[in-house]
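Asker: Below you will find the structure I want to go over with you.
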Amino acid sequence: MQESSRTNTLDELRQGSEIALRRVYEENRDKFLNFARRYHLSDEENIDIYQDAYIIFHNNVMSGKVEELTSSVSTYLFSIGKYLIFDRMRKNKKTVGSSYNLEIVKDDASLVETLDFDEGGLTPEQELLRKHFGTLGKQCQELLTLFYYRGYSIDEIMEAGNYNSQNVVKSAKSRCMKSLKERIAANSN
């Protein structure tokens, strides 16, 4: 269902649908701005970045650079935005810290959200996290990405992932984090 929805959205955009253009923009704007706030840029910068990311996304779809998506439209749009945020931070001489202690990460799941998997020069701790995150099942990866990376609430994840209740989402998130922590701990001993 989700794959056909992505394909339909891309087809609608390619056909010049103003409705699809507006829908994709509006469905992702507030979520992106909430996500972007963690990087302490101004609201105006975050809005500019979102608009730039959306333009890049739209141009990629229209030029044929993106023919189909293996992730959601939101995920693709957020990945573009993330790189634009980091580029803006470099220009502003702000940095994303990289001195993380794995012992802390084992005890505090919220620190995982601040690790950047894609920037060059990963610390050993970040490399372990990247490696073991990749060994999780697809559902765990999506759930943890939505919660820690994209900043979705439990309710938003419940809707996006077709979960039955908040408790199911919380339980699944807990199991996924436990599995990730165990994998990291087993490798760091």
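The values are calculated or read from the model by the stated rules, or taken from the named source; none is laboratory data. None of these values were measured; they are calculated from a predicted model. Using ideal geometry, Cβ is built from the backbone for each residue, glycine included, and neighbour counts are taken over all protein chains shown. Accessible surface areas use protein heavy atoms only, side chains included; no ligands, DNA or RNA. Shrake-Rupley method; radii C 1.70, N 1.55, O 1.52, S 1.80 Å.
Asker: Got a number for residues in region 24-48 being open to solvent by 80 Å² or more (accessible area, probe 1.4 Å) and within 18 Å of VAL61 (Cα to Cα)?
Answerer: Qualifying residue count, region 24-48: 2.
Asker: Please specify each residue of region 154-168 satisfying the condition of being touching a residue at least 12 places away in the same chain (Cβ under 8 Å) and either more than 17 Å from the chain's Cα centre (by Cα) or assigned to a loop (DSSP other than H, G, I, E, B) (or both). Steps first, answer last, please.
Answerer: Going residue by residue through region 154-168, those that are touching a residue at least 12 places away in the same chain (Cβ under 8 Å) are 154, 156-157, 160-161, 166.
GLY161, GLN166, listed by residue number.
Asker: Looking at region 41-57, I want the residues that are touching a residue at least 40 places away in the same chain (Cβ under 8 Å) and assigned to a helix (DSSP H, G or I) and have a partner that is of a type in the set (S, T, N, Q) and open to solvent by 40 Å² or more (accessible area, probe 1.4 Å) with Cβ atoms under 9 Å, at least 6 apart or on another chain. Which pairs are those?
Answerer: Partner pairs satisfying both residue conditions: GLU45/ASN92.
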